[in-house]
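Written out below as structure tokens is the structure these notes cover.
The values are calculated or read from the model by the stated rules, or taken from the named source; none is laboratory data. Remember, it's a predicted structure, so these values are computed and weren't measured experimentally. Heads up, the Cβs are rebuilt from the backbone with ideal geometry, glycines too, and the neighbour counts pull from every protein chain shown. The accessibility values were calculated without ligands, DNA or RNA, using every heavy atom of the protein model including side chains. Shrake-Rupley method; radii C 1.70, N 1.55, O 1.52, S 1.80 Å.
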Amino acid sequence: MQINPHLGISQLNVHIGDQQILKNININFPNKAITAIIGPSGCGKTTLLKTMNRLIENSRGVNITGKVLINGQNIYDDYEDLTSLRKKMGLLAQRPTPLPMSIYANVVFGLKLHGIKDEKILQEKAEKYLRIASLWDEVHDRMRDPASKLSIGQQQRLCLARGLAIEPEIILCDEPTSALDPISSKKIEESFNELKQEYTIILVTHILRQARRLADYVVFMYLGEIIEFGPAKEIFENPKEQLTKEYIGGLIS
Amino acid sequence: MNLRILIDRFACRFSAFLSVCCVALLALIAVGLIYKSWPILLEHSLSELLFSTIWSPMKGKFGFLSFIISTFQITIFSLLIAFPICLLSATYLVELAPRSILKIVLPLIDILAGVPSVIYGIWGVLMIVPCIRDHIAPFFGYTTSGYCILTGSLVLAIMVVPVMMHLLIQVLQAVPHELRDSTLSLGATHWQMIKLVVWRKCLPGIMATTILGISKAIGETIAVLMVVGNVVQIPKNLFESGYPLPALIANNYGEMLSIPQYDAALMFAALILLAVILFFNMASAYILKRVTKSIT
Ligand SMILES: Nc1ncnc2c1ncn2[C@@H]1O[C@H](COP(=O)(O)OP(=O)(O)O)[C@@H](O)[C@H]1O
Ligand SMILES: [Mg+2]
């Protein structure tokens, strides 16, 4: 496929305790496109996502072998400084995670961590990314309110803006709309469609219709293995593997 | 009417009755204390009782200021010692230590919380008093019997730590994992995550725990009176003896009833203690509510 993948994984195995969660994962994620990871719950989607920004290491008893390459560098070797690795990727969690502070402080939290102090720059960026997450109109006149006052859907868009504000190259999303109402989900999905012009987006989802709507490429996982990977059209219309067929046809879930 | 509904009604009313009883009990205690300390309130003005340092029951002088100040000193210093220890160890146990350590430490903490206070008192007399007298006070250039405010505060701190620590561990554990993951993935270091997000998220819980610790510390009696020296004076430094209110009551109640008004004076001491705790709890409930509103 492409020559210089942003994000690639080779021969990745993850054990937690004596259980093998991920089995020999090999994949190069396409740049500037949405790759959906689908599969029944418990198949290791979240774990795979967490290996990409090394959050998985915080779980107890994990053992990781293999490589995750970002711009050709193995994140398990070459990144002494985890914070600079994580600056390259935004994470959108399954449930919104507003930080216990104001809306404004939430958006600029990452920027401040990375040393930007100039209030004018912070404000500009806050506005810019709140607009991209289509939240600006709803919150611009109450930026100092606690973020927890927002509705769940607004909170998730706030988290998106917060992740984008650190200006990552890659966005990792773990079922980002599963806690949201349909209208908020739609707004998030619309943002993704625009964001893929500039970002490499990895979207874990258990909603097949969402994958159909958004994904350019699809990875189907089952019991810790990648069963099939390819352009969305092929996976949905003409899957090669029997398991993929059954999952897409709703036989296994 | 069938039996189920009858039982339901009865259960509701009975629960309501019990709740009223609890509140009524507090009121009864307050009324009882006011009634019993009335004689001394008739003879002396409130400001004299609260702000005079002259304590000489034989001559009919009852100034409670030394006791009040000792009480506050011991409470504040014990919390100053206990709070950082609790917060940092609870944070270490929840955030950084392997799960197995927490599993071992938590039951130990609970055992410590259940040790009777008289045992802490004896331990204070045997270990802390000599240690302060022979090593710590000389190091700072003071001479002391070892029975002093610092010893009292230390013993009290050691008693408060297990209770506060257990609560703080629970408070910290209640912070959702997703919140930690999100903070880290924004590029925060572990320490930044703890400082800027976890502690902040827990602030109401941390405050509630501290309030509980202070309430426990203000009223703790036996262990403190065993090590604090029980000298009526305003302690000028940590190595001087003090005499907190609970110790005054416990040491003297039931004796020397022949001194006029002594009985009423001790009741008044109890009343001050109750008032302090009530006021403190109400004030902190108010502050807690404000903080909770502005943070979570
Ligand atoms: N910290 C952990 N300890 C033990 N097992 C875990 C842990 N995290 C995940 N697992 C196991 O790994 C498997 C994959 O989990 P996960 O990646 O969350 O699946 P998905 O996101 O696809 O639903 C599950 O069987 C789960 O029980
Ligand atoms: Mg998951």
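Odds and ends about this structure:
- Per-residue [θ]222 nm for the protein assembly as shown (sum of -39500 (n - 2.57) over DSSP H runs n ≥ 4, rounded to 500): -17000 deg cm²/dmol
- Probe 1.4 Å, all protein chains present, accessible-area order of A:VAL62, A:VAL219, B:VAL31, largest first: B:VAL31, A:VAL62, A:VAL219
- Spacing of the modelled spin labels on B:ALA30 and A:GLN20, each 7 Å from Cα toward Cβ, amounts to 6.9 nm.
- Computed with a 1.4 angstrom probe on protein heavy atoms, the B-A interface buries about 2100 square angstrom of accessible area in total.
- Whole-Å distance, taken between Cα centres, linking the stretch B:1-68 and the stretch A:149-178: 54 Å
- DSSP beta bridges fully contained in the protein assembly as shown are about 60 percent antiparallel.
- Solvent exposure ordering (accessible area, 1.4 Å, most first) of B:TRP55, B:TRP38, B:TRP123: B:TRP38, B:TRP123, B:TRP55
- A simple spin-label model places pseudo-atoms 7 Å from Cα toward Cβ; at B:MET207 and B:GLU48 they are separated by 4.1 nm.
- When the stretch B:46-295 is described by a simple charge dipole with +1 on each Lys and Arg Cβ and -1 on each Asp and Glu Cβ, the residue from B:MET58, B:THR91, B:PRO116 located farthest towards its positive end is B:THR91.
- Most positive-pole-ward Cα, A:PHE229, B:GLN170, B:TYR286, against dipole of the protein assembly as shown from beta carbon charges: B:TYR286
- Rounded to the nearest 20 debye, the dipole size of chain B about its Cα centre is 780 debye, using +1 on the Cβ of Lys and Arg and -1 on the Cβ of Asp and Glu.
- Straightening the chain between B:LYS195 and B:ASP8 buys 62.5 nm, computed as 0.36 nm per residue apart minus the Cα-Cα spacing.
- The protein assembly as shown: mean projected area of Cα convex hull, nm²: 37.3 nm²
- Viscosity 1.567 mPa s, 4 °C: Kirkwood-radius Stokes-Einstein D of the stretch B:46-295 over Cα pairs, µm²/s: 65 µm²/s
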